[in-house]
Each structure stands twice: as C-alpha cells, then as structure tokens.
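Single-structure report; data block below.
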Amino acid sequence: MKIRALVDIPCTDIKSGEFFEVEDIQVPGLVAGGYADDQATEVSVYGTEIPPAKALTFPVPGIAEAVEAPADDKKKK
C-alpha cells in the first residue's frame, strides 16, 4: 500500500510529506503511531508532477504492527 509520511521515518531515508510503499500489515501501526497518513492521495499533494514513491521493505523499530491474531489462535480461559 502507498501511504504518506507525516514525520521522517526512523532508520530510513523517507522524509515527512513523502509517499512510500509499505506492506499492508504495517499500515495500522504506522498510522496509529502518527508516522503516516493512509488517507492522503498523491494527486492532492503533488498534482500532476508525482515523484516515484520510496519503499519501506523492513519493519520500523519501535512501531508495532497493529494486527490481531485470528479468533482460532486466541487462548481460551
């Protein structure tokens, strides 16, 4: 998924305001942590001069993936 950085992303060359590609599983954690905006569109930000998006190919340290385990995997008490 392509999302927009709201801050400089730690341990990367992705700067605030840039769009970057990231695995869908990482999006909720990046958005919840205030690192990214998944609602912004490149056209609304750049108009017709859209630069290539960078790629985030590894998990960002300190940003949890906001993924809940499937119901079958949850322990019953």
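Only the coordinates and a few stated rules stand behind these numbers; no lab work does. Because the structure is a prediction, the values reported are computed rather than measured.
A few points about this structure:
- Under the Karplus curve 6.51 cos²θ - 1.76 cosθ + 1.60, θ = phi - 60°, whole-Hz ³J(HN,Hα) for the stretch 37-47, x wherever Gly or Pro sits: 10, 8, 9, 5, 10, 4, 5, 5, 8, 9, x
- Cα principal axis extents for the stretch 2-70, largest first, Å: 40, 25, 18
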